[in-house]
Amino acid sequence: MLMSAVELAVRDLALNRVRTGLSALGLAIGIAAAIAMISIAQGSADKMKSDIARLGGDIIVVQPGQVRRAGSGTRTAARAFDVTDVEAVQQQVQGLRRVGSFSSMPTVAAARGGTWQVSAAGVNVAWFEARRLRLVHGRMFSDYEEAIGRAVCVLGAQVHRRLFGSERSIGEHVRLKTVSCEVIGVLEHQGKSGRLADDDDMIAMPLAAFQRRMSGKPEVQSIVVSARAGVPNERIAARLEALMSERRGATKGSEDFSVVDMRQEAAALAGTARTMMALLAAIAVTCLLLGGIGIMNVMLAAVDERTREIGIMLAIGATPQQIRMQMLAESALLSLVGGVLGAAGGLLFTISGAHLLELPVRLQIEIVMASMLTAIVVGLVFGYGPAAKASRLDPMTAMRMM
C-alpha cells in the first residue's frame, strides 16, 4: 500500500511540474539558508577561537583616550604616549613577559613598479614577541638597527603578495612616501584580531626610524604587553591603570587612556557570536516555516482540484486512512525534493560564503541530514491538515463537484 501511495504521489506531482517546483523551491531556500548560516557561523566561531589561541590570551593593550558612553560616543582626544611611558611600564610593572610599542599611519608603498595601500608602522622587537608574530622569510630587526633607527622593514603577507608576488623580496627596497627601506623579513599570514592591527597589510620598521622619517613626531600610539605565565591579566591591567594614572595626573573616572584586556574582549566577541548564532537559527526556522506554509497551500489546492477524484476513490472502496496516506506521501515526497535541493544549495552557499569571508569551511554531515529530516517532518506536519480534509470528504458530495 505504501509503494502504491508513493507511485501515485510521483504521478500527481509530475502532472503539476511548475507548482511542484515552486513549492519545493520555497522549502529548498529555507533548508539552504539553514545549512549555510549555521555552517558559516560555526566557521566564524572556529576562526575566532583560532585567533584567540594564536594571541595566547595574555595580551593587554594600553591606548590614549577613552570612549565616552554619553554624548557622541567617540574616543576623547588625549595626549599621546612617548618612549618614556614605554620605559616606565618596563621598569615599574612587574610580571610582564614583553612590552611592545606601536605607532602607525596610512600610506602607499611602491616597489617594482607596483603600489599598494598599507599601514606603515613603527614598532620595537618586543612588539613582535608580545604579539607572537612569526616570519616565513628573513629576520627581525637587530638591537642595533632598532637603536639607531635604520631604514629596514618587515612586510605583512598581503603586502608581499601585492608588491612581489611569488618572487623573493628579501634585500629589495620599498618606498614609503620619500622613505626607502630595505626588506629584511616577511610575516606569515595573520588576519585582523579585535583591536589589534591588520598585520597582513602592514609594513613595520623600527620605531625610531618611523618617528624620525615618517611621522615626524615622538609619539607612541599604543603599548602592547604580554603577561608572564601564571600572572593574571587582571593584576597586570590594574598595575597599568595605576601607573598611567599617576604619570598622566588622572583621577578615578577621568582617565584619558584605556587599558584593554584582549581576553575580556575575546569573551565579549564570543558572546556576540552566540547571539548571532541564535539570530541566524531563528531566521532559518522562519524560512522553514514559510516553506512549510507553501507546501500546505499546494496540498490544499491539490485537494480542491481533485475533490471529484478523491470522491470516486472513496466510492469504489478506498478508506479514509488510504486517502490520508496518499496525500501525506505527496507532501513528504515534495518535502524530500525540497530537502535534497536545499542541501545541495546549502553546501554551495557555505563554500562560496566561507571563501568570500575568508573563513574555514565547516561542513558537517549531521547538519545536512538533520536539515533534510526536518524538511520531511515539516512537510508531514503542514501536509496533515490537507490530508485530513481529503479523508473526511463525503463520496457522494465529492463526485458531484466539478
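Checked against the criterion of being of a type outside the set (S, T, N, Q), at pLDDT 70 or above and either outside any strand (DSSP E or B) or touching a strand residue (DSSP E or B) at 6+ places or on another chain (Cβ under 9 Å) (or both), the candidates Ala34, Ala14, Ala70 yield just one match: Ala34.
Of the helices (runs of 4 or more DSSP H) lying entirely inside the stretch 296-402, those containing at least 3 residues that are touching a Ser or Thr at 6+ places or on another chain (Cβ under 8 Å) and modelled with pLDDT of 80 or more are 320-357. Within the stretch 267-288, the set of residues being under 30 Å from Asp58 (Cβ atoms) and β-branched (Val, Ile, Thr) comprises Thr272, Thr275. Counting the residues of the stretch 243-301 that are free of Cβ contacts under 8 Å to residues at least 12 places away in the same chain, farther than 19 Å from Asp85 by Cα and among the charged types (D, E, K, R) gives 2.
Note on the stretch 162-177: residues that are touching a residue at least 12 places away in the same chain (Cβ under 8 Å) and either over 30 Å from Met48 (Cβ atoms) or out of contact with any strand residue (DSSP E or B) (no Cβ under 7 Å at 6 or more places or on another chain) (or both) total 11. Each residue in the stretch 146-161 was checked for being surrounded by fewer than 19 Cβ atoms within 10 Å (Cβ to Cβ) and either of a type in the set (D, E, K, R) or free of Cβ contacts under 8 Å to residues at least 12 places away in the same chain (or both), and 2 of them qualify. Restricting attention to the stretch 288-300, the residues that are surrounded by fewer than 20 Cβ atoms within 10 Å (Cβ to Cβ) and either over 12 Å from Gly385 (Cα atoms) or of a type in the set (Ser, Thr, Tyr) (or both) add up to 2. Annotation note: of Ala270, Ala238, the sole residue that is surrounded by fewer than 16 Cβ atoms within 10 Å (Cβ to Cβ) and out of contact with any strand residue (DSSP E or B) (no Cβ under 9 Å at 6 or more places or on another chain) is Ala270.
Would you be able to tell me the number of residues in the stretch 84-103 that are surrounded by 21 or more Cβ atoms within 10 Å (Cβ to Cβ) and among the basic types (Lys, Arg)? Adding up the residues that qualify gives 1. Summed over the stretch 218-267, residues that are under 22 Å from Ala130 (Cα atoms) and assigned to a helix (DSSP H, G or I) total 18. When you check Gln90 against the structure, is it of a type in the set (S, T, N, Q), part of a helix (DSSP H, G or I) and at pLDDT below 80, yes or no? Answer is no for this residue.
Checking each residue in the stretch 273-287 for being surrounded by 13 or more Cβ atoms within 10 Å (Cβ to Cβ) and over 20 Å from Gly30 (Cα atoms) picks out only Ala273.
The values are calculated or read from the model by the stated rules, or taken from the named source; none is laboratory data. In this text, all values refer to a predicted model and were calculated from it rather than measured experimentally. Cβ: placed from backbone, ideal geometry, glycine included. Neighbour counts: every protein chain shown.
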